[in-house]
């Protein structure tokens with residue numbers, strides 16, 4: 001595995017600072033993105049940042065839109081969605097994309113929501129505009145184990161593909177509820193680990209992931225060769241509402257199924273009005289992460305309604321951030 005693949009990444013990654021001009025994208029128009037715009041995947045192509053974002057009208061049937069930026073902040077949107085529901089397994093929406101580029105092909109994982117199930121699906125493209133769908137990846141899986149979610153139907157979400165192989169195979173972390181892993185020789189067909197053996201489960205009561213943990217952006221390689229995974233985490237309040245924040249996990253490529261370390265406090269959490277008010281309030285939900293012009297850009301959904309950005313400029317330190325905030 002090339003140790004220089006991500007020379008500017010280390011654990012913990014950050015500090016990230018929310019962009020003062022958030023949200024960087026809001027709903028617009030009267031059709032497919034008129035009610036909510038959020039939960040974006042991100043990739044750098046031709047020295048521009050491309051977002052593949054979730055959007056829907058009041059019917060909450062999600063589509064995936066595309067937007068392009070020269071600076072990572074101001075985006076021009078493609079007028080039509082690039083991925084929309086066409087199959088029975090996604091009739092209620094194509095949701096929450098993550099994207100990884102490998103060898104000129106873009107591998108997009110997304111959630112297909114139907115009346116019967118919620119399943120992690122895969123699509124591929126060479127230009128980010130035209131996508132070939134490959135269907136659900138884990139049709140018999142329930143990533144909410146061991147706690148369960150009260151549904152007897154299959155349930156899987158949130159797939160992040162590591163862009164470099166490990167001993168000739170590709171690795172994916174996936175899951176909402178708990179986090180799991182899968183291997184692939186061809187990036188299309190994936191074999192998951194046992195449904196009885198998640199690699200991370202919800203954290204103890206009183207911590208920021210006690211209700212669920214969920215894969216964030218695709219994992220990256222740190223400057224010392226470890227695997228870094230940003231994740232989302234939630235607690236459930238007594239009134240049934242939720243509070244979503246973001247954490248970080250560290251794995252070794254020698255055994256990427258065993259957790260080495262984790263950040264025990266959020267690096268991103270609801271703070272602003274948009275973070276705390278929306279379709280599902282009190283949510284910062286990260287799915288996009290790119291290194292662009294000496295800065296890490298993390299893109300996230302704000303309360304399932306708008307799209308936010310947090311940045312970490314290489315050279316900043318948590319120590320400097322702490323001194324600045326006092």
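The values are calculated or read from the model by the stated rules, or taken from the named source; none is laboratory data. It should be emphasised that the depicted structure is a prediction, and the values quoted were computed from it without experimental measurement. FYI the Cβ positions are ideal-geometry reconstructions off the backbone, even for glycines, and counts take in every protein chain you see.
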* Selection status of residue 245, in contact with a helix residue (DSSP H, G or I) (Cβ under 7 Å, 6 or more places away or on another chain) and either at pLDDT 95 or above or not in a strand (DSSP E or B) (or both) -> no
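Within the stretch 281-292, can you find the residues that are touching a helix residue (DSSP H, G or I) at 6+ places or on another chain (Cβ under 6 Å) and either surrounded by 24 or more Cβ atoms within 10 Å (Cβ to Cβ) or assigned to a strand (DSSP E or B) (or both)? I'd like the intermediate steps shown before the answer.
Keep residues of the stretch 281-292 that are touching a helix residue (DSSP H, G or I) at 6+ places or on another chain (Cβ under 6 Å), which gives 282, 284.
Across the stretch 281-292, the qualifying residue is only 284.
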* Between a first residue in the stretch 128-141 that is at positive phi and in contact (Cβ under 8 Å) with a residue 40 or more places away in the chain and a second residue that is in a loop (DSSP other than H, G, I, E, B) and crowded, with 18+ Cβ neighbours inside 10 Å, which pairs have beta carbons less than 9 Å apart while being 6 or more apart in sequence or on different chains? -> 128/82
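Scanning the stretch 171-194 for residues that are in contact (Cβ under 8 Å) with a residue 40 or more places away in the chain and farther than 15 Å from residue 136 by Cβ, which turns out surrounded by the fewest Cβ atoms within 10 Å (Cβ to Cβ)?
The residue in question is 193.
Identify, please: which residue in the stretch 298-320 is loosely packed, with under 15 Cβ neighbours inside 10 Å and outside any strand (DSSP E or B) and is, among those, modelled with the lowest pLDDT?
320
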* To do: Looking at (1) in contact (Cβ under 8 Å) with a residue 24 or more places away in the chain; (2) under 19 Å from the mean Cα position of the chain (by Cα); (3) surrounded by fewer than 18 Cβ atoms within 10 Å (Cβ to Cβ), find the lone condition where residue 68 falls short.
  => (1)
* For the stretch 106-142, how many residues are part of a loop (DSSP other than H, G, I, E, B) and either buried (at least 20 other Cβ atoms within 10 Å of the Cβ) or within 18 Å of the chain's Cα centre (by Cα) (or both)? -> 5
* **Within the stretch 1-105, strands (runs of 3 or more DSSP E) holding 3 or more residues that are closer than 26 Å to residue 119 by Cα and modelled with pLDDT of 95 or more** => 36-45, 48-56, 63-69, 93-102
* **Test result for residue 295, out of contact with any strand residue (DSSP E or B) (no Cβ under 9 Å at 6 or more places or on another chain) and either buried (at least 21 other Cβ atoms within 10 Å of the Cβ) or touching a residue at least 40 places away in the same chain (Cβ under 8 Å) (or both)** => no
* Of all residues in the stretch 208-258, how many are free of Cβ contacts under 8 Å to residues at least 24 places away in the same chain and surrounded by 20 or more Cβ atoms within 10 Å (Cβ to Cβ)? -> 0
* Name the pairs: first residue in the stretch 28-54 and exposed (fewer than 15 other Cβ atoms within 10 Å of the Cβ), second residue assigned to a strand (DSSP E or B), Cβ to Cβ under 8 Å, at least 6 apart or on different chains? -> 28/37; 28/77; 45/101
* **Selection from the stretch 143-160 of residues that are more than 23 Å from residue 60 (Cβ to Cβ) and either buried (at least 18 other Cβ atoms within 10 Å of the Cβ) or in contact (Cβ under 8 Å) with a residue 40 or more places away in the chain (or both)** => 145, 146, 147, 160
